[in-house]
Amino acid sequence: MFNPTREEKAIKNLSITFVIAIALFTAGCTKQPQVKEKVVYKTKYIYLPCKQPKQNTLLQDTVSKPAEVQKKKTTAKKVAKKHKFNLPEKTIKYFAPKRYTTRPNQKMNFMVGYNSDGSPFLYLEGEFNENTYKNFLHYLDESSINFKEIKINSNGGVVATAMQIGAYVHEHNWNTGVDKEMRCLSACSFVYFAGKKKSLQGAAVVGLHRPYMPGVADTPQSIRKTKRAYISYWNYIHAPKSVYDEMMDVDRDNLFILNRNNINDYIDVTIK
């Protein structure tokens, strides 16, 4: 069996990056893209700037959108109606308890990552905000890359937004993953469990807890209502009911942690 050397893999990845850069240029970049790299937890991610300097592949929630993107009006309600699942009544942010997080919340960044075999994946790092789904679609249009996998490092955020991205992931048969020491917590898990195939690498974890309304105490009635609120989405993405039940039994101050040691007790996951 042929086993490529580290140098051969590097050349392969560089060739893929060059091809993508040319594709972006021919798709409408105003000038030859300058490929930039960022290292996150010892993993390299590639920025491929294209078109307007403020609307490149390091796209944040605060970036204004082009008129053609604004016209799409991809609201959470429309996505939920299309895929026939319910949305929470209010746009509320849910984050993992601070003692479980390794870095503060930040605006969602979008990047291109590469697996060891050279295949690209979409990498999201930061908070799920009200604009993240629109930026997600905008990034896919801008990058012109045929992604089939998404990996996320996030403490949580707006669950409705995570459900929108999760619906897209499920509809397009994308795989999901959490790389190395990264964490997919709280709202992020709604995307992770939407993947066709799922992976965990190294010390990565997925953390779940029952959604809650910040500043409002839970009551037996509100807990029962919350348990009913998200099951239609969970069924839509074909996620295991056992995980849903565990998630709904964990309050806002704790997390149900899944890692390489226990996740396969609930669902088939590739451990890397």
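The values are calculated or read from the model by the stated rules, or taken from the named source; none is laboratory data. Fair warning: this is a prediction, and the values are worked out from it, not measured in the lab. Ideal geometry is used to build each Cβ from the backbone, glycine not excepted, and the neighbour counts take in all protein chains shown.
On the stretch given as segment 239-272, residues that are surrounded by fewer than 16 Cβ atoms within 10 Å (Cβ to Cβ), touching a Ser or Thr at 6+ places or on another chain (Cβ under 8 Å) and β-branched (Val, Ile, Thr) total 2. For segment 230-240, the condition holds for no residue, the condition being that it is β-branched (Val, Ile, Thr), out of contact with any helix residue (DSSP H, G or I) (no Cβ under 8 Å at 6 or more places or on another chain) and over 17 Å from residue 156 (Cα atoms). Just one residue in the set 185, 208 is out of contact with any Asp or Glu (no Cβ under 9 Å at 6 or more places or on another chain), aliphatic (A, V, I, L, M) and modelled with pLDDT of 95 or more; that residue is 185. The residue list 230, 192, 236, 168 contains one member that is more than 19 Å from residue 99 (Cα to Cα) and in contact with a Pro (Cβ under 9 Å, 6 or more places away or on another chain), which is 230.
Put simply, of 190, 110, 147 the only residue that is buried (at least 20 other Cβ atoms within 10 Å of the Cβ) and within 21 Å of residue 237 (Cβ to Cβ) is 190.
If we keep just the residues of segment 200-222 that are without any contact (Cβ under 8 Å) to a residue 60 or more places away in the chain and of a type in the set (A, V, I, L, M, F, W, C), which is farthest from residue 251 (Cα to Cα)? Full working, then the answer.
The first filter runs over segment 200-222 and keeps only residues without any contact (Cβ under 8 Å) to a residue 60 or more places away in the chain, leaving 203-206, 208, 210, 215-222.
Okay, now just the ones that are also of a type in the set (A, V, I, L, M, F, W, C), so 203-206, 208, 216-217.
Working: 203: 24, 204: 22, 205: 18, 206: 16, 208: 10, 216: 13, 217: 11 Å.
Filtering segment 200-222 for residues that are without any contact (Cβ under 8 Å) to a residue 60 or more places away in the chain and of a type in the set (A, V, I, L, M, F, W, C), the one farthest from residue 251 (Cα to Cα) comes out as 203.
Checked across segment 151-160, the condition of being out of contact with any strand residue (DSSP E or B) (no Cβ under 8 Å at 6 or more places or on another chain) and surrounded by fewer than 24 Cβ atoms within 10 Å (Cβ to Cβ) holds for no residue. Under the condition of being among the β-branched types (Val, Ile, Thr) and assigned to a loop (DSSP other than H, G, I, E, B), the residues counted in segment 235-267 number 3.
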